[in-house]
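Worksheet for the structure shown next.
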Amino acid sequence: MRGIRIVILVAFAALVLSPLTAAAQVPSSPAAKASIEKELSQTPAAPQEVKPETQSAAPAPAVKPAKKVPEKRTETIVPAFSGIKERTAVFVFYVWLWLSIVVLIYFLRLWVKESDRVYHAKYYEPDESPRKANPMPPTLGD
Amino acid sequence: MKIDMKKVGAWFDDRLALTPIFKYMTKKEVPQHEHSIWYYTGSSILLFLAIQIVTGIMLALYYKPTLEGANDSVGRIMTDLPLGWLVRSIHSWSATFMIAFVLTHLLAIWFTKSYRKPREATWMTGMMLLVVSMVFGFTGYLLPWDDLSLSATKVGTNIPNAIPVVGKWVTQFLRGGDDVTGDTLTRFFLFHVCILPLVIFAILAVHILLVQKEGMSVPLEAEVKKKKVPALPFWPNFILREVMIWLVLLGTLLTVALVFAPTLGPSADMMAPAPAGVKPEWYFLFLFQTLKIFPGNMGPVTGEFVAVVLILVAIVAIFFLPFIDTKPEGKKGRIINYLGVLGLIYAIVFSIWSLL
């Protein structure tokens, strides 16, 4: 019976958590995708080597490459999993977490019940009742 | 080499005096009655504080408290680091849970009148912890440095300006100048990760010490009628029940953080006008709405000044509540209860109004 209960709990946790994790996997916005594609297409080509016209001409001073100014982000960052692997790992972790919580609470409840029983039975309290004399007379063997 | 664990234990016991603490824990008792459930709110606050410390350290490893780096570093935490967005979400949500539990704890103590003699100092340190928790939230709100956090901080740091004489100085001190700039960000970061943790630990230590010294309060009616309230040992009976509640709260927090992870707006533009619908964190909403309903001028003073003074008077009155409500079992005590209900309704209604 307990085994069936645990199976039902596992199935329930999986059912509850699967839409949650799916909801958390927010795909990156189309605007963000477009900006990445644009950035890739605008990647500067490798600088071409400029050949001097004549050997006698003075060498041109080395042109420093312009300092790349990072573009200011304009989109809102929406939290998302980095991939299916991460999503699955988190999904498995959450199922394990809730399962552990359920199992731990089950055992903790047993422990609490036992602790309460022991306390109410005054198990650890010193016995204060007056000791009676042993009614049995000593035997020859004593 | 075999290590004698008994000797190791004795070595620590000699130096840290652990035996008296363990003896105290086993002898300590917690009253059991119909309001016992409220005892668990205190320890739950400690759980959320611990989670905030752990996640806060993780975030601080990558956060850059500079004008150029703040928003980008939070963006990097959310996109480049594995599950960085989840860590940030847990940090943010645990703050929300913590303040919700601090408020619940405070209301429970208010209505059960647990602040009565000899627990006045416990109440006052608790109030200090509430204020520090809210300042934690306020300073942390600016750190992502997006438009919303900048505007909310501008509004928040402008409030002390309404106080005559010292108001302008307080605002300048909070901002590190006349306006919210990179200096404010550095200052808030310093407060958030260095000064406030020291303050909260100091007050918390005193609060816990006082709770241990005076013990848990029993219901007022039981004290008045001098009835004996049944009790349970703290260890293991009470602590095991606490652990069960912590587990449920931990699971709930992690699930909420996963589903409702906060987003991050673009880096704040200091020259841009405030975006529409600027709102502070939920626990400041009723104060925000209170400031909004007051007219610009009220005779010789500004409406904002009147609102700030009223709020300050209310905070001071709540702080000294144990000295106002000296006879909690009498008529005065009942009036204080009604005032508590009124205050709660006011906070809820004004918060909802602010969101509309």
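Of the heavy-atom accessible surface of the range B:20-269 (probe 1.4 angstrom), what whole percent is carbon and sulfur?
Values: 8240 of 11490 Å².
In the range B:20-269, the share of accessible area belonging to carbon and sulfur is 72 percent.
In peptide B:85-97, what is the residue-averaged number of other protein chain Cβ atoms found within 10 Å of each Cβ? Each step should come with its number before you reach the end.
Working: counts 7, 5, 0, 1, 2, 0, 0, 0, 0, 0, 0, 0, 0.
The shielding value for this peptide is 1.
Ignoring everything except DSSP H segments at least 4 long, calculate the 222 nm mean residue ellipticity for chain B; use -39,500 (n - 2.57) per segment, divide by total residues, nearest 500. Could the numbers behind the result be given before it?
Numbers: 16 runs with 236 residues, N = 356.
So the calculated ellipticity at 222 nm is -21500 deg cm²/dmol.
Leaving out ligands, DNA and RNA but keeping every protein chain, what accessible area does residue B:83 have, in Å² rounded to the nearest 10, with a 1.4 Å probe?
Residue B:83 exposes around 50 Å² with every protein chain in place.
For residue B:267, which sequence-distant residues (separation of 5 or more, or a different chain) have an amide H within less than 5 Å of its own amide H, given hydrogens modelled in the peptide plane?
Close amide H contacts, sequence-distant or interchain: A:73.
Note down the relative contact order for chain B as a percent, whole number, built from C-alpha pairs under 8 angstrom at least six residues apart.
On the way: 350 pairs, mean separation 91.5, N = 356.
Over chain B, the number comes to 26 percent.
Accessible area per residue, 1.4 Å probe, Å², for chain B: what's the number? Could the numbers behind the result be given before it?
Details: 19010 Å² over 356 residues.
On a per-residue basis, 53 Å².
Between the chain alone and the structure with every protein chain in place, find the residues of the range B:253-279 that drop at least 20 Å² of accessible area; heavy atoms, 1.4 Å probe.
Hits at the 20 Å² cut-off: B:254, B:255, B:258, B:259, B:263, B:264, B:266, B:267.
Using a 1.4 Å probe, how large is the accessible area of residue B:88, given in Å² and rounded to the nearest 10?
Surface open to solvent at residue B:88 totals about 40 Å².
So if we plug the beta-carbon distance of residue B:209 and residue B:11 into 1/(1 + (r/R0)^6) with R0 = 25 Å, what FRET efficiency do we get, rounded to 0.05? Before the final figure, lay out the partial values.
Details: r = 26 Å, r/R0 = 1.05.
According to the calculation, E is roughly 0.40.
Starting from the Cα of residue A:72, draw a straight line to each of the lysines and keep only those under 22 Å, dropping any in the same chain fewer than 8 residues away.
Here the lysines satisfying the reach criterion relative to residue A:72 are A:33, A:38, B:64.
Going down the list A:113/B:225; B:113/B:225; A:122/B:225; B:6/B:27, which pairs span over 20 Å between their C-alpha atoms?
Values: A:113/B:225 31 Å; B:113/B:225 15 Å; A:122/B:225 27 Å; B:6/B:27 23 Å.
Pairs exceeding the cut-off: A:113/B:225; A:122/B:225; B:6/B:27.
What Kirkwood hydrodynamic radius, in Å, does the range B:20-269 give when the mean of 1/r is taken over all pairs of distinct Cα atoms and then inverted? Please list the in-between numbers first.
On the way: mean 1/r = 0.0494 Å⁻¹.
So the Kirkwood estimate lands at 20.2 Å.
Using protein chains only (no ligands, no nucleic acids) and a 1.4 Å probe, work out which residues of the range B:216-233 have their accessible area cut by at least 10 Å² relative to the chain alone.
Listed in order, they are B:231, B:232, B:233.
Kindly compute the accessible surface that chains B and A hide from a 1.4 Å probe when together, both sides summed, and give it to the nearest 100 Å². Each step should come with its number before you reach the end.
On the way: alone 20350 and 14240 Å², together 31830 Å².
When B and A are taken together, about 2800 Å² of accessible area is lost.
Provide the solvent-accessible area of residue B:281, counting protein heavy atoms only and rolling a 1.4 Å probe, rounded to the nearest 10 Å².
Its accessible surface works out to 50 Å², give or take rounding.
If you take each beta carbon of peptide A:75-84 and count the beta carbons of other chains within 10 angstrom, what is the mean? Working shown, then result.
On the way: counts 4, 5, 15, 7, 15, 4, 4, 7, 0, 0.
That works out to 6 on average.
Would you mind giving the mean number of other chain beta-carbons within 10 Å of the Cβ of each residue in B:66-79, as a whole number?
Working: counts 0, 0, 1, 0, 0, 3, 3, 0, 1, 2, 1, 1, 4, 7.
Per residue, the number of nearby Cβ atoms from other chains is 2 on average.
Starting from the amide H of residue B:231, placed 1.01 Å from N in the peptide plane, find each other amide H under 5 Å away whose residue is 5 or more places distant or on another chain.
Amide H to amide H, under 5 Å and 5 or more residues apart or across chains, residue B:231 pairs with B:32.
The values are calculated or read from the model by the stated rules, or taken from the named source; none is laboratory data. Treat the numbers as computed from the prediction; the structure is a model and nothing was measured. Positions of Cβ are generated from backbone atoms using ideal geometry, with glycine treated the same way; all protein chains shown enter the neighbour counts. These area figures cover heavy atoms from the full protein model, side chains too; ligands, DNA and RNA do not enter into them. Shrake-Rupley method; radii C 1.70, N 1.55, O 1.52, S 1.80 Å.
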